1. If you stretched the chain out fully between residue 11 and residue 179, how much longer would it get, using 0.36 nm times the residue separation minus the C-alpha to C-alpha distance?
2. Taking all protein chains in place and a 1.4 Å probe, what share, in percent, of the accessible surface of the chain do carbon and sulfur account for?
3. Label residue 110 and residue 153 with points 7 Å out from Cα along Cα→Cβ: what is the distance between them in nm?
4. I need the shape label for region 1-128. Rule: rounded when a/c is under 1.5, else prolate if a/b > b/c, else oblate, with a, b, c from the alpha carbon gyration tensor.
5. Accessible area per residue, 1.4 Å probe, Å², for the chain: what's the number?
6. Using modelled backbone amide H atoms (1.01 Å from N, in-plane), which distant-in-sequence or interchain residues come within less than 5 Å of residue 11's amide H?
7. Let me check the size of the chain from its C-alpha atoms; what are the radius of gyration and Dmax in Å?
8. Taking Cα atoms, how many degrees apart are the long axis of helix 106-130 and the longest axis of the chain, rounded to 10 and kept between 0 and 90?
Amino acid sequence: MTPEHSRPAVDTSRPFGAHLRMSWWKPLVVILVPPLVMVVLQVLLYQIVGVIEGSDDPMSATFTPLKFLAINISVGTAGVLAILLLVWIAKVPWRSLISSPRAFDVRRLTYYLAGAALLVGAGIGVVALVAPDAPGWTAFGVTGTTIGMLAVILLSTPIQSVGEELMFRSATLPAAASWVRAVRPALVVGLVVSSLGFAVVHGSADPWLFSYYTVVGISAG
């Protein structure tokens, strides 16, 4: 058998997502470390926000624009860390983690978007019917806080979105998939692990909302 260290880290004969080779323990590092760093960074940023806002309880569940910004920054940072960690630990080029050699196909993208929309819509519908209080949808008025929150959402949500994609799609999915050699099972393992990780970092203890996040992760994967 070919020694593992002599094999190429990227197997271009396999589809994107199941294209990495690495020792069994390396995916564990890639899966666990970035979320932990994200949580630690978020706690630190919450403390800074508490000082700025003069809060007696910076870890309270009440959202403010600065807390939302802290969350987005921590997620974006963790996503970049996940890519850098995988590049370093698996010795793979970073481009192989964020781009697919498959040619862009508008029809395939349309099918995927339609399928994802149906799955997410079904997930929202089930949660709304079975546990309508789970999402916490409430009425709101337009205040200075509302405007500040909207500004933070518009300006920093792309950072958070990119961070999630890097952490779960570009790093966690192929890392977990490397545990299995058969292509289809490898993709299933990678998709399940990355989707569960996506649900976990959203921090919901409600089983229905957790399931919703898992469905969103699978749909977007």
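1. On the way: separation 168, 0.36 × 168 = 60.48 nm, distance 1.38 nm.
Fully extending the segment from residue 11 to residue 179 adds 59.1 nm.
2. Details: 9280 of 12950 Å².
For the chain, the apolar C and S fraction of the accessible surface comes to 72 percent.
3. Distance between the two pseudo-spin positions: 3.0 nm.
4. Values: a/c = 2.80, a/b = 1.42, b/c = 1.97.
In terms of gyration-tensor shape, oblate.
5. Numbers: 12950 Å² over 221 residues.
Accessible area per residue, the chain: 59 Å².
6. Close amide H contacts, sequence-distant or interchain: 20, 21.
7. Computed over the Cα atoms of the chain, radius of gyration and Dmax are 19.3, 66 Å.
8. Orientation of helix 106-130: about 50 degrees from the principal axis.
The values are calculated or read from the model by the stated rules, or taken from the named source; none is laboratory data. Since the model is a prediction, treat every value here as computed from it, not as a measurement. Cβ sites come from the backbone with ideal geometry, for glycine too, and all protein chains shown count toward neighbours. Heads up: the accessible areas ignore ligands, DNA and RNA and are worked out on the full protein's heavy atoms, side chains in. Shrake-Rupley method; radii C 1.70, N 1.55, O 1.52, S 1.80 Å.
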